[in-house]
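Engineer: Mind looking over this structure? Questions follow.
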């Protein structure tokens, strides 16, 4: 059995779901194969155990002195660290049995401070990975935070809720299954000053697909809900009708921050607009954005309900895990998506607001969030104060890697002050 197969097996063990993929690889390299004949004792009651056992093949019976018994099957586990230094029952092979034993010397690999690469200190990671950091509290419960240097705009940024919830869902699914779509709903404004609790409901675990529901809560109330579907990689048909539009290379375009600096110092623009732009410059955004067309209009000038820009994470992500990269892309996708529905309706002196109602995304191919992706978006319609937008993301090869939709409340602002509670 090669290391890749061992990693795949370990990825199915519920105890290990929350570990970073890098840890599963390390565990796979140090586990010891232990084989037993039918009737052999694997562990005897009240005796020291050598570590944690993971059932690879066969079945075992657990017998307690009090007369209780139950059967262990593939992907079950027992041993040191679960019931202390000794095991309070006999474990007997019911058939030919193969276990993987993680010796006591390596039990630290079962502990993690983060859902991503725990070998790297949090402060040394790029900002977006710092923002998506989750602290595991229980098998299906995680705690997220809004770091002081995260973009907030007076409330928890919607992309942060999407990215953190997707990270929580991903860490309850075996590593060989990768998220291929999610549908999310923004219910209440999030408070940036208190932690967010993410509770994962394991709706389904099939051979090739898994489904999760994640509720994000603050002060006992659900502020955000996400449904995500995960799939094991399978061979199948391939075609692509969507064509990536011709755009300048991202390296030839100005960074978003430099464009904002030019707007602030442009004497031909209204003072109130320049003051508003100045506040955006002071909000650090962990995504490098390069707009494909020069942005000559202001937020009070009518324009087409379309937009194209290249984007990528600032800095290299610490892990190649697709769960991390897709979470970062989901995080970035909510920044400007809702506001393009307002473009044809802007006028001088008008104050407008766009609040995301729901956000859905389909991942078609593997991607890297720290390499350039082209985001092409359009708003086909606005009606009854709801703007609808669709988007496509391409890699530099022109491959369609993701598709998106979003509906948002779009209307003229009337002294909107974000506070904890219902958004509408």
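The values are calculated or read from the model by the stated rules, or taken from the named source; none is laboratory data. The shown structure was predicted, so the numbers you read here are calculated from the model rather than taken from an experiment. Positions of Cβ are generated from backbone atoms using ideal geometry, with glycine treated the same way; all protein chains shown enter the neighbour counts.
Engineer: For residue 335, only one of the following conditions fails: (1) crowded, with 23+ Cβ neighbours inside 10 Å; (2) touching a strand residue (DSSP E or B) at 6+ places or on another chain (Cβ under 8 Å); (3) under 16 Å from residue 163 (Cβ atoms). What is its number?
Structural biologist: It is condition (1) that residue 335 fails.
Per-residue answers, yes or no, for (1) closer than 22 Å to residue 322 by Cβ; (2) surrounded by 15 or more Cβ atoms within 10 Å (Cβ to Cβ):
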| residue | (1), (2) |
| --- | --- |
| 14 | yes, yes |
| 32 | no, no |
| 36 | no, yes |
| 41 | no, no |
| 48 | no, no |
| 54 | no, yes |
| 80 | no, yes |
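Engineer: Which residue is farthest from residue 289 (Cα to Cα), if the candidates are limited to the stretch 249-272 and must be in a helix (DSSP H, G or I) and in contact with a strand residue (DSSP E or B) (Cβ under 8 Å, 6 or more places away or on another chain)?
Structural biologist: 259
To keep it simple, each residue is scored yes or no on (1) within 29 Å of residue 230 (Cα to Cα); (2) within 26 Å of the chain's Cα centre (by Cα); (3) part of a strand (DSSP E or B).
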| site | (1), (2), (3) |
| --- | --- |
| 331 | yes, yes, no |
| 334 | yes, yes, no |
| 340 | no, yes, no |
| 348 | no, no, no |
| 391 | yes, yes, yes |
| 410 | no, no, yes |
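Engineer: Among the residues of the stretch 185-212, write down those that are in contact with a strand residue (DSSP E or B) (Cβ under 6 Å, 6 or more places away or on another chain), assigned to a strand (DSSP E or B) and over 14 Å from residue 227 (Cβ atoms).
Structural biologist: Result: 188, 196, 197.
Engineer: Suppose we filter the stretch 89-126 for residues that are surrounded by 13 or more Cβ atoms within 10 Å (Cβ to Cβ), modelled with pLDDT under 90 and over 24 Å from residue 28 (Cα atoms); how many remain?
Structural biologist: 4
Engineer: Does residue 369 count as buried (at least 19 other Cβ atoms within 10 Å of the Cβ), touching a helix residue (DSSP H, G or I) at 6+ places or on another chain (Cβ under 6 Å), on the phi < 0 side of the Ramachandran plot and not in a strand (DSSP E or B)?
Structural biologist: Against the criterion (buried (at least 19 other Cβ atoms within 10 Å of the Cβ), touching a helix residue (DSSP H, G or I) at 6+ places or on another chain (Cβ under 6 Å), on the phi < 0 side of the Ramachandran plot and not in a strand (DSSP E or B)), residue 369 qualifies.
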